[in-house]
Amino acid sequence: MKLLLSGYTRFKENAASVVISDLVSKSDLRTLLSPLFLLILIYLVWFARYPMWQFYGSVELLFLMLILSYSVVLFLSIIFLKKEAKRSLLDALKLRSYGVIPIAIVLAFVFQAAWFTIALTTGGNLEFFPFPSLRKYEGYAVYSIPLAFMLYVVFAVFGAFVEEVTFRAYTQSRIASRYGHVTGVLVASLLFSLQHIHVFQLDWIEQFLQTQFIYVLGFGIFVGYLFIKSKLDVWSAFTFHALTNIFNVSLPVEVSYTFPFATQIVTITSFILMILFLRLLPIEEIL
């Protein structure tokens, strides 16, 4: 009888262990698949807005449509935060310290200085444009240059906010909670990069991989590291991201290069220097 009871006890323990192990593995799998599923939903949003581009003759209406599409992505991210990460948007946006804002502002200016310095020292040439400009949107009619430019800046800032909620507050935090910060940064940065690809345009995919992918990936890794250094304060990542976007759309200057892979070299060098600078910066003590 004792042998039977002992055997039954061991059976229950083993069964419980199997059930717990199965639950853990399912939880691990869900942690990885949920951000990927969110990326697929984002692609569907981009796919839904793609046919609308040809119906907008003015750039003002186009920017309003882009802002609306990012609003849908923000709504989806809030749902995933609530259902998957068990966090509210207010909790994700909690400001840990006011010190993260000026630090991120300084880093944004340092990045611009580093980028242009490295570009010029590697043979780049500066090309100047009138201000304000609507680079890449010159083919659209414009009712009011100041209004169009303002909407361009709003789109750049709002897009940065949505992407930081999606890929830092949710994706990076969710994955890092189970797999550690390094995995969280790498996975979030990869999904952040893939989110910029218009998967329904093959020629656009090729162009993006050749000219922008390394920049966006490096940007995501740096911002992810800044997010960690600032004690997971999403406002640090957002401030840096938003300012960088503003510089990209408003600075009336562009760098042209005279040899192949110059852009990739400047990009990699700039982000390596920024990561080293951020590593040496005693943010934890400042905060």
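Ranking of Ser133, Ser69 by neighbouring Cβ atoms within 10 Å, starting from the fewest: Ser133, Ser69.
Cβ crowding within 10 Å, taken as a proxy for footprinting-reagent exposure, orders Tyr225, Tyr50, Tyr140, Tyr152 from fewest neighbours to most as Tyr50, Tyr140, Tyr225, Tyr152. Note: relative contact order over region 139-196, using C-alpha pairs below 8 Å and six or more positions apart, is 24 percent. Shape analysis of region 29-286 based on the Cα gyration tensor places the equivalent ellipsoid semi-axes at 27, 25, 18 Å, largest first. Lysine pairs in the chain 8 or more apart or on different chains: how many have alpha carbons under 29 angstrom apart? Value for the chain: 17. Convert 20 °C to kelvin, take the viscosity as 1.002 mPa s, use the Kirkwood radius over C-alpha pairs of region 78-220 as Rh, and evaluate the Stokes-Einstein diffusion coefficient in µm²/s, rounded to a whole number. Reported coefficient: 118 µm²/s. Given +1 at the Cβ of Lys and Arg, -1 at the Cβ of Asp and Glu and no other charges, the dipole of region 29-286 around its Cα centre is 960 debye to the nearest 20. Only Cα sites of region 63-145 enter the Debye sum here, all with the same form factor; the resulting log10 I(q)/I(0) across q = 0.19 1/Å is -1.03, listed in q order.
When the chain is treated as a GNM, springs tying every alpha-carbon pair under 10 Å, which of Phe247, Phe192, Phe167 comes out with the largest mean-square fluctuation? Evaluated over the chain, the most mobile residue of the options is Phe247. Each of Asp233, Asp28, Asp203 has some number of other Cβ atoms within 10 Å of its Cβ, and from fewest to most they run Asp203, Asp28, Asp233.
Bear in mind these aren't lab numbers, they're just calculated from the coordinates by the rules spelled out. Only a predicted model underlies this, so the values are computations on that prediction, with no experimental measurement involved. All Cβ positions, glycine included, derive from the backbone under ideal geometry; neighbour counts span all protein chains shown.
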